[in-house]
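Enquirer: Pasting a structure here, questions to come.
The values are calculated or read from the model by the stated rules, or taken from the named source; none is laboratory data. Just so it is clear, the structure is predicted and the values come from calculations on it, not from any experiment. Please note: Cβ atoms are built from the backbone with ideal geometry, for glycine as well, and neighbour counts cover all protein chains shown. Accessible surface areas use protein heavy atoms only, side chains included; no ligands, DNA or RNA. Shrake-Rupley method; radii C 1.70, N 1.55, O 1.52, S 1.80 Å.
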Amino acid sequence: MKRDQVFEFFRRLAEANPSPTTELESSNPYQLLVAVVLSAQATDASVNIACRPLFERIRKPAQMLDLGEERLREAIKAIGLFNTKAKNVIALSRALIDHHGGEVPRSREELQALPGVGRKTANVVLNTAFGEETFAVDTHVFRVCNRTGLAPGKTVDEVEAKLEKIVPQPFRRDAHHWLILHGRYTCKARLPECWRCPVIDLCRYKPKTLPPEERAKSNAARSGSRGSSAARTAKVRTASKPTAGRSRSRPTRLP
Ligand code: SF4
(Lines give C-alpha, C1' and ligand atoms only; values in the text may rest on other atoms or scores of the structure.)
Protein backbone atom coordinates (compact mmCIF):
# COMPACT_ATOMS: atom_id res chain seq x y z
CA MET A 1 0.00 0.00 0.00
CA LYS A 2 1.33 3.46 -0.87
CA ARG A 3 2.05 6.05 1.80
CA ASP A 4 -0.96 8.22 1.04
CA GLN A 5 -3.19 5.12 1.07
CA VAL A 6 -1.83 4.07 4.48
CA PHE A 7 -2.62 7.55 5.80
CA GLU A 8 -6.12 7.38 4.36
CA PHE A 9 -6.63 3.86 5.78
CA PHE A 10 -5.99 5.07 9.34
CA ARG A 11 -7.75 8.39 8.81
CA ARG A 12 -10.94 6.53 8.00
CA LEU A 13 -10.62 4.06 10.91
CA ALA A 14 -9.96 7.04 13.19
CA GLU A 15 -12.97 8.89 11.81
CA ALA A 16 -15.20 5.90 12.55
CA ASN A 17 -13.82 5.50 16.09
CA PRO A 18 -11.96 8.58 17.35
CA SER A 19 -11.06 7.20 20.81
CA PRO A 20 -10.27 3.51 20.54
CA THR A 21 -8.98 1.57 23.52
CA THR A 22 -8.57 -1.96 24.77
CA GLU A 23 -11.75 -3.81 25.68
CA LEU A 24 -10.01 -5.36 28.69
CA GLU A 25 -11.24 -3.72 31.89
CA SER A 26 -8.69 -2.48 34.43
CA SER A 27 -8.13 0.52 36.66
CA ASN A 28 -4.33 0.60 36.92
CA PRO A 29 -1.25 -0.74 35.08
CA TYR A 30 -0.98 -3.79 37.35
CA GLN A 31 -4.56 -4.89 36.68
CA LEU A 32 -4.03 -4.26 32.96
CA LEU A 33 -0.88 -6.40 32.99
CA VAL A 34 -2.74 -9.23 34.75
CA ALA A 35 -5.71 -8.95 32.35
CA VAL A 36 -3.45 -9.06 29.28
CA VAL A 37 -1.59 -12.12 30.61
CA LEU A 38 -4.94 -13.82 31.21
CA SER A 39 -6.23 -12.89 27.75
CA ALA A 40 -3.78 -15.10 25.83
CA GLN A 41 -5.89 -17.49 23.73
CA ALA A 42 -9.05 -16.26 25.47
CA THR A 43 -11.61 -13.60 24.65
CA ASP A 44 -11.51 -10.19 26.32
CA ALA A 45 -15.13 -10.75 27.35
CA SER A 46 -14.29 -13.96 29.26
CA VAL A 47 -11.35 -12.24 30.97
CA ASN A 48 -13.55 -9.29 31.99
CA ILE A 49 -16.17 -11.61 33.47
CA ALA A 50 -13.55 -13.39 35.59
CA CYS A 51 -11.62 -10.24 36.52
CA ARG A 52 -14.48 -7.93 37.51
CA PRO A 53 -15.01 -9.48 40.97
CA LEU A 54 -11.31 -10.28 41.30
CA PHE A 55 -10.18 -6.69 40.61
CA GLU A 56 -12.60 -5.30 43.19
CA ARG A 57 -10.37 -6.89 45.83
CA ILE A 58 -6.99 -7.08 44.05
CA ARG A 59 -5.39 -3.84 42.94
CA LYS A 60 -1.72 -4.50 43.82
CA PRO A 61 0.74 -7.39 43.51
CA ALA A 62 0.89 -7.83 47.32
CA GLN A 63 -2.87 -8.41 47.43
CA MET A 64 -2.51 -11.05 44.71
CA LEU A 65 0.11 -12.87 46.77
CA ASP A 66 -2.22 -12.72 49.80
CA LEU A 67 -4.97 -14.26 47.67
CA GLY A 68 -2.68 -17.13 46.69
CA GLU A 69 -2.44 -19.37 43.66
CA GLU A 70 -5.24 -21.75 44.59
CA ARG A 71 -7.89 -19.06 45.07
CA LEU A 72 -6.69 -17.24 41.96
CA ARG A 73 -7.03 -20.47 39.98
CA GLU A 74 -10.58 -20.84 41.27
CA ALA A 75 -11.40 -17.23 40.29
CA ILE A 76 -10.14 -17.61 36.71
CA LYS A 77 -11.10 -21.22 36.02
CA ALA A 78 -13.47 -20.20 33.21
CA ILE A 79 -10.51 -18.87 31.21
CA GLY A 80 -8.45 -21.20 29.02
CA LEU A 81 -5.04 -22.34 30.34
CA PHE A 82 -6.00 -21.09 33.82
CA ASN A 83 -3.53 -23.34 35.66
CA THR A 84 -0.47 -21.95 33.88
CA LYS A 85 -1.86 -18.43 33.92
CA ALA A 86 -2.49 -18.53 37.70
CA LYS A 87 1.10 -19.68 38.24
CA ASN A 88 2.43 -16.87 36.03
CA VAL A 89 0.31 -14.17 37.66
CA ILE A 90 1.52 -15.19 41.13
CA ALA A 91 5.14 -15.38 39.92
CA LEU A 92 4.99 -12.02 38.13
CA SER A 93 3.37 -10.39 41.17
CA ARG A 94 6.23 -11.70 43.31
CA ALA A 95 8.78 -10.41 40.76
CA LEU A 96 7.14 -6.97 40.75
CA ILE A 97 7.49 -6.78 44.53
CA ASP A 98 11.04 -8.18 44.61
CA HIS A 99 12.50 -6.16 41.72
CA HIS A 100 10.26 -3.18 40.96
CA GLY A 101 8.92 -1.96 44.29
CA GLY A 102 5.48 -3.39 43.48
CA GLU A 103 5.13 -1.22 40.37
CA VAL A 104 4.80 -2.25 36.71
CA PRO A 105 8.07 -1.37 34.92
CA ARG A 106 7.97 0.93 31.90
CA SER A 107 10.63 -0.72 29.77
CA ARG A 108 10.12 -3.53 27.29
CA GLU A 109 13.10 -5.52 28.58
CA GLU A 110 11.89 -5.44 32.18
CA LEU A 111 8.34 -6.29 31.19
CA GLN A 112 9.41 -9.21 29.02
CA ALA A 113 11.56 -10.55 31.87
CA LEU A 114 8.39 -11.10 33.94
CA PRO A 115 6.85 -14.61 33.97
CA GLY A 116 4.17 -15.09 31.31
CA VAL A 117 4.92 -11.75 29.61
CA GLY A 118 5.87 -11.92 25.93
CA ARG A 119 6.44 -9.20 23.38
CA LYS A 120 2.76 -8.75 22.57
CA THR A 121 1.77 -8.35 26.23
CA ALA A 122 4.63 -5.89 26.77
CA ASN A 123 3.49 -3.90 23.72
CA VAL A 124 -0.11 -3.69 24.98
CA VAL A 125 0.99 -2.55 28.45
CA LEU A 126 3.49 -0.02 27.10
CA ASN A 127 0.86 1.38 24.76
CA THR A 128 -2.27 1.32 26.90
CA ALA A 129 -0.83 1.99 30.35
CA PHE A 130 2.07 4.27 29.41
CA GLY A 131 1.05 5.80 26.07
CA GLU A 132 3.99 4.47 24.03
CA GLU A 133 3.75 4.06 20.27
CA THR A 134 3.96 0.27 20.17
CA PHE A 135 2.26 -2.15 17.80
CA ALA A 136 0.94 -5.28 19.48
CA VAL A 137 0.24 -7.86 16.78
CA ASP A 138 -2.42 -10.36 17.77
CA THR A 139 -4.37 -12.70 15.50
CA HIS A 140 -6.72 -9.89 14.34
CA VAL A 141 -3.94 -7.43 13.56
CA PHE A 142 -1.96 -10.14 11.76
CA ARG A 143 -4.95 -11.04 9.59
CA VAL A 144 -5.97 -7.45 8.76
CA CYS A 145 -2.39 -6.44 7.88
CA ASN A 146 -1.98 -9.40 5.53
CA ARG A 147 -5.42 -9.38 3.97
CA THR A 148 -5.52 -5.71 3.19
CA GLY A 149 -1.90 -5.44 2.07
CA LEU A 150 -1.30 -2.79 4.72
CA ALA A 151 1.69 -4.54 6.33
CA PRO A 152 2.06 -8.07 4.98
CA GLY A 153 4.38 -10.48 6.74
CA LYS A 154 4.85 -14.19 7.41
CA THR A 155 5.32 -13.78 11.16
CA VAL A 156 3.96 -11.45 13.82
CA ASP A 157 7.45 -9.95 14.20
CA GLU A 158 7.58 -9.15 10.49
CA VAL A 159 4.15 -7.50 10.60
CA GLU A 160 5.12 -5.52 13.71
CA ALA A 161 8.32 -4.31 12.05
CA LYS A 162 6.35 -3.18 8.96
CA LEU A 163 3.78 -1.35 11.07
CA GLU A 164 6.64 0.38 12.93
CA LYS A 165 7.90 1.57 9.58
CA ILE A 166 4.74 2.62 7.78
CA VAL A 167 2.21 3.94 10.31
CA PRO A 168 2.25 7.75 10.15
CA GLN A 169 1.49 10.34 12.78
CA PRO A 170 -1.00 11.15 14.23
CA PHE A 171 -2.11 7.50 14.18
CA ARG A 172 0.87 5.69 15.70
CA ARG A 173 -0.37 5.57 19.26
CA ASP A 174 -3.82 4.14 18.54
CA ALA A 175 -3.03 2.16 15.38
CA HIS A 176 -3.04 -1.23 17.05
CA HIS A 177 -6.42 -0.62 18.72
CA TRP A 178 -7.96 0.39 15.38
CA LEU A 179 -6.55 -2.70 13.72
CA ILE A 180 -7.71 -5.06 16.49
CA LEU A 181 -11.22 -3.59 16.54
CA HIS A 182 -11.40 -3.60 12.74
CA GLY A 183 -10.41 -7.27 12.69
CA ARG A 184 -12.73 -8.23 15.53
CA TYR A 185 -15.88 -6.51 14.27
CA THR A 186 -15.55 -5.90 10.52
CA CYS A 187 -12.70 -7.77 8.85
CA LYS A 188 -13.70 -11.00 10.62
CA ALA A 189 -11.71 -14.18 10.17
CA ARG A 190 -14.33 -16.38 8.48
CA LEU A 191 -16.35 -13.80 6.63
CA PRO A 192 -15.04 -10.23 6.37
CA GLU A 193 -17.93 -7.75 6.23
CA CYS A 194 -16.58 -5.87 3.24
CA TRP A 195 -19.93 -4.32 2.30
CA ARG A 196 -19.80 -2.07 5.38
CA CYS A 197 -16.04 -1.60 5.55
CA PRO A 198 -14.74 1.99 5.57
CA VAL A 199 -11.50 1.01 3.77
CA ILE A 200 -13.00 -1.23 1.09
CA ASP A 201 -11.45 0.70 -1.81
CA LEU A 202 -7.98 0.68 -0.24
CA CYS A 203 -7.95 -3.03 0.62
CA ARG A 204 -6.44 -5.50 -1.84
CA TYR A 205 -8.43 -8.53 -0.60
CA LYS A 206 -10.43 -10.25 -3.30
CA PRO A 207 -13.17 -11.27 -3.66
CA LYS A 208 -14.98 -8.79 -1.47
CA THR A 209 -17.89 -10.15 0.57
CA LEU A 210 -21.25 -9.02 -0.79
CA PRO A 211 -24.03 -7.61 1.42
CA PRO A 212 -26.20 -10.34 3.04
CA GLU A 213 -29.21 -9.64 0.76
CA GLU A 214 -27.10 -9.93 -2.40
CA ARG A 215 -25.47 -13.11 -1.12
CA ALA A 216 -28.91 -14.55 -0.37
CA LYS A 217 -30.05 -13.68 -3.93
CA SER A 218 -27.00 -15.21 -5.56
CA ASN A 219 -27.26 -18.33 -3.34
CA ALA A 220 -30.90 -18.66 -4.34
CA ALA A 221 -30.02 -18.23 -8.02
CA ARG A 222 -27.25 -20.82 -7.67
CA SER A 223 -29.48 -23.36 -5.93
CA GLY A 224 -32.20 -22.57 -8.53
CA SER A 225 -29.83 -23.32 -11.37
CA ARG A 226 -28.62 -26.42 -9.50
CA GLY A 227 -32.27 -27.44 -9.13
CA SER A 228 -33.03 -27.00 -12.85
CA SER A 229 -29.86 -28.77 -13.90
CA ALA A 230 -30.78 -31.63 -11.52
CA ALA A 231 -34.22 -31.70 -13.16
CA ARG A 232 -32.60 -31.75 -16.63
CA THR A 233 -30.32 -34.61 -15.57
CA ALA A 234 -33.31 -36.54 -14.22
CA LYS A 235 -35.17 -36.01 -17.50
CA VAL A 236 -32.21 -37.23 -19.52
CA ARG A 237 -31.94 -40.28 -17.26
CA THR A 238 -35.65 -41.02 -17.63
CA ALA A 239 -35.45 -40.60 -21.39
CA SER A 240 -32.49 -42.93 -21.72
CA LYS A 241 -33.92 -45.58 -19.34
CA PRO A 242 -34.47 -48.81 -21.31
CA THR A 243 -38.11 -49.75 -21.83
CA ALA A 244 -39.42 -52.89 -20.21
CA GLY A 245 -39.96 -54.45 -23.60
CA ARG A 246 -36.50 -53.65 -24.83
CA SER A 247 -34.87 -54.95 -21.73
CA ARG A 248 -36.87 -58.17 -21.91
CA SER A 249 -35.83 -58.63 -25.53
CA ARG A 250 -32.17 -58.41 -24.59
CA PRO A 251 -30.41 -61.55 -23.41
CA THR A 252 -29.16 -61.05 -19.85
CA ARG A 253 -26.71 -63.85 -20.14
CA LEU A 254 -24.75 -65.39 -22.92
CA PRO A 255 -26.32 -68.67 -24.07
S1 SF4 B 1 -12.71 -4.76 2.42
FE2 SF4 B 1 -13.15 -6.68 3.42
S3 SF4 B 1 -11.22 -7.76 3.53
FE4 SF4 B 1 -10.76 -5.60 3.11
S5 SF4 B 1 -10.43 -4.69 5.12
FE6 SF4 B 1 -12.55 -4.37 4.62
S7 SF4 B 1 -13.60 -6.13 5.56
FE8 SF4 B 1 -11.42 -6.65 5.44
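Enquirer: I'd like the FRET efficiency for E193 and D98, computed as 1/(1 + (r/R0)^6) with the beta carbon distance as r and R0 of 45 Å, rounded to 0.05.
Expert: Working: r = 48 Å, r/R0 = 1.06.
For E193 and D98, the calculated efficiency is 0.40.
Enquirer: Under 10 Å, Cα contacts only: if you run a Gaussian network model on the chain, which one of H140, H182, H100 comes out with the highest mean-square fluctuation?
Expert: Ranking H140, H182, H100 by mean-square fluctuation puts H100 first.
Enquirer: Here's something else I'd like to know. May I have the convex hull volume per residue, in Å³, for the Cα set of the chain?
Expert: Working: hull volume 60.4 nm³, N = 255.
Hull volume over Cα atoms, normalised by residue count, gives 237 Å³.
Enquirer: Which of the aspartates and glutamates could a cross-linker bridge to K217, judged by Cα under 13 Å and excluding same-chain residues fewer than eight apart?
Expert: none
Enquirer: Same structure, new question: What net charge is computed for the residues neighbouring L67, neighbours being all others with C-beta under 13 Å from the C-beta of L67, Lys and Arg scored +1, Asp and Glu -1? Don't jump to the answer; show the numbers that get you there.
Expert: Numbers: positive: R57, R59, K60, R71, R73, R94; negative: E56, D66, E69, E70, E74.
Cβ neighbours under 13 Å give a net charge of +1.
Enquirer: Is there a pair in K188/K208; K2/K188; K60/K87; K154/K208; K120/K154 whose C-alpha atoms are over 20 Å apart, and which pairs would that be? Let's see the in-between values first.
Expert: Values: K188/K208 12 Å; K2/K188 24 Å; K60/K87 16 Å; K154/K208 22 Å; K120/K154 16 Å.
Result: K2/K188; K154/K208 exceed 20 Å.
Enquirer: Compute, for I97, the solvent-accessible surface of its heavy atoms (probe 1.4 Å) with the complete set of protein chains present, and express it in square angstrom to the nearest 10.
Expert: Looks like 70 Å² after rounding.
Enquirer: A further question on this structure: Between Q169 and S223, how high is the FRET efficiency from 1/(1 + (r/R0)^6) when r is the Cβ-Cβ distance and R₀ = 51 Å? Nearest 0.05. Intermediate values should be presented prior to the final figure.
Expert: Numbers: r = 51 Å, r/R0 = 1.00.
Between Q169 and S223 the formula returns 0.50.
Enquirer: Right, next: What residue among K206, K85, K120 has the largest mean-square fluctuation in a Gaussian network model of the chain, using Cα springs under 10 Å?
Expert: Comparing K206, K85, K120 in the GNM, the peak value goes to K206.
Enquirer: What net charge is computed for the residues neighbouring L202, neighbours being all others with C-beta under 14 Å from the C-beta of L202, Lys and Arg scored +1, Asp and Glu -1?
Expert: Counting the neighbours of L202, the net charge comes to +4.
Enquirer: Next question, about the same structure. Mind giving me the FRET efficiency for E70 and A16? R0 is 35 Å, r the Cβ-Cβ distance, nearest 0.05 is fine.
Expert: On the way: r = 45 Å, r/R0 = 1.28.
Rounded to the nearest 0.05, the efficiency is 0.20.
Enquirer: Could you work out the relative contact order of region 102-160, using alpha carbon pairs under 8 angstrom and six or more residues apart, expressed as a whole percent?
Expert: On the way: 51 pairs, mean separation 12.4, N = 59.
Taking the mean separation of contacting Cα pairs over the length of region 102-160, I get 21 percent.
Enquirer: Rounded, prolate or oblate: which fits region 62-150, taking a ≥ b ≥ c as square roots of the Cα gyration tensor eigenvalues, rounded meaning a/c under 1.5, else prolate when a/b beats b/c? Spell out each step's value before the answer.
Expert: Details: a/c = 3.09, a/b = 1.49, b/c = 2.07.
Because a/c hits 1.5 or more and a/b fails to exceed b/c, region 62-150 counts as oblate.
Enquirer: List, in order, the whole-Hz ³J(HN,Hα) value for each residue of region 195-202 obtained from phi through the Karplus relation with A = 6.51, B = -1.76, C = 1.60 and θ = phi - 60°; use x for Gly and Pro.
Expert: For region 195-202, the Karplus-derived couplings read 5, 10, 8, x, 10, 4, 7, 9 Hz, x marking Gly and Pro.
Enquirer: Then there's this: Students often check this: by mean Cβ neighbours within 10 Å, which of 170-181, 46-57 ranks highest, and how do the rest follow? Please report the intermediate quantities before stating the final value.
Expert: Numbers: 170-181: 20.9, 46-57: 15.8.
For the peptides 170-181, 46-57, the packing ranking is 170-181, 46-57.
Enquirer: Then there is this: Each label point is 7 Å from the Cα along the Cα-to-Cβ direction; what then is the distance between the points at S46 and F7, in nm?
Expert: 4.3 nm
Enquirer: Accessible area of the chain with a 1.4 Å probe: how many percent of it is carbon plus sulfur?
Expert: On the way: 7880 of 14770 Å².
Ligands and nucleic acids excluded, carbon and sulfur reach 53 percent.
Enquirer: Shifting gears a bit: Read phi for every residue in region 109-120 and hand back ³J(HN,Hα) as whole Hz from Karplus 6.51 cos²θ - 1.76 cosθ + 1.60, θ = phi - 60°, with x for Gly and Pro.
Expert: Listing the rounded values in order: 4, 5, 5, 5, 7, 7, x, x, 10, x, 4, 5 Hz.
Enquirer: With θ set to phi - 60° and the Karplus curve 6.51 cos²θ - 1.76 cosθ + 1.60, what are the ³J(HN,Hα) couplings of region 174-179 in order, to the nearest whole Hz, using x for Gly and Pro?
Expert: Working through the residues one at a time gives 9, 3, 5, 5, 4, 5 Hz.
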